[in-house]
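Worksheet: one structure, shown below.
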């Protein structure tokens, strides 16, 4: 079993040019599969709201939801760097509330870092959490928790004016004490500039190759989430089709009395005659 990476390892990988692999996982089995495959990092994202819980977005996800899923993921991947996503409402109010919830993540879910969305507007929260000794990962570009303000789930930084604001956000996040940054749905030209400008690792989810690593949502890459597929997703499997076909075959077997077969049942240890006498007692 490979040794769990630390934040220092992730920074060394940036300097050496080795790309980081990062994937979401929300439960014990998926986290276990990711660790067995050799994934560098796992994000227990608030995307679980859509992928696991069936919400239309991430806003309804609670701290209890995130912590419960982080705990399950940690049990499945004890030797992988795990990031817990700060859900909407857990850090937007006060610095103290943000620190308290970040501490709750570390104490109850045993994550290695937390991630929160937003740029300059949340740098005070980033600084407060970092000052408490907690590893913070920033997240700018398309930020799902505030997608309403962005006009929906749309790419960001496509024009000079918006790109300028994202560069300012990125610099401010690093200066506030974040130790890594996630860029979502921004053009690779901008990603390359930010990744080169910052000394901390800059990771991509839909931000192109120039970043220091890539994040992808497990449900998207495995073909499990069917509502929609973002432009930046590569499907490596179609698990939903496999599962649905398995259910259909099971239905056909049960209806046609082809399941269970003899090998799927338990056999009596005493004689059938003794069992028949037993049954007679209760007639």
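The values are calculated or read from the model by the stated rules, or taken from the named source; none is laboratory data. It should be emphasised that the depicted structure is a prediction, and the values quoted were computed from it without experimental measurement. Reconstructed Cβ throughout: ideal geometry from the backbone, glycine too, with neighbour counts over all protein chains shown.
Kindly provide the set of residues from the stretch 129-142 that are under 20 Å from the mean Cα position of the chain (by Cα) and either part of a strand (DSSP E or B) or surrounded by fewer than 22 Cβ atoms within 10 Å (Cβ to Cβ) (or both), ordered by number. Selection gives 134, 136, 137, 138, 139, 140, 141.
Restricting 25, 100, 31 to residues that are more than 18 Å from residue 179 (Cα to Cα), more than 13 Å from the chain's Cα centre (by Cα) and modelled with pLDDT of 95 or more narrows the list to 100. Once the stretch 18-54 is narrowed to residues that are assigned to a loop (DSSP other than H, G, I, E, B) and touching a strand residue (DSSP E or B) at 6+ places or on another chain (Cβ under 7 Å), the residue that is farthest from residue 69 (Cα to Cα) is 19.
Looking at 227, 207, 178, just one residue is touching a residue at least 60 places away in the same chain (Cβ under 8 Å), assigned to a loop (DSSP other than H, G, I, E, B) and surrounded by 21 or more Cβ atoms within 10 Å (Cβ to Cβ), and that residue is 207. On inspection, residue 83 qualifies as closer than 20 Å to residue 125 by Cα, in the same structural domain as residue 229 (by TED's automatic domain parsing) and not in a helix (DSSP H, G or I). Taking the stated definitions as given, is residue 230 at pLDDT 95 or above and assigned by TED's automatic domain parsing to the domain that holds residue 53? No; evaluated as a whole, the condition is false for this residue. Just one of the listed residues (126, 114) is part of a helix (DSSP H, G or I), in the same structural domain as residue 218 (by TED's automatic domain parsing) and either over 23 Å from residue 35 (Cα atoms) or in contact with a helix residue (DSSP H, G or I) (Cβ under 8 Å, 6 or more places away or on another chain) (or both), and it is 126.
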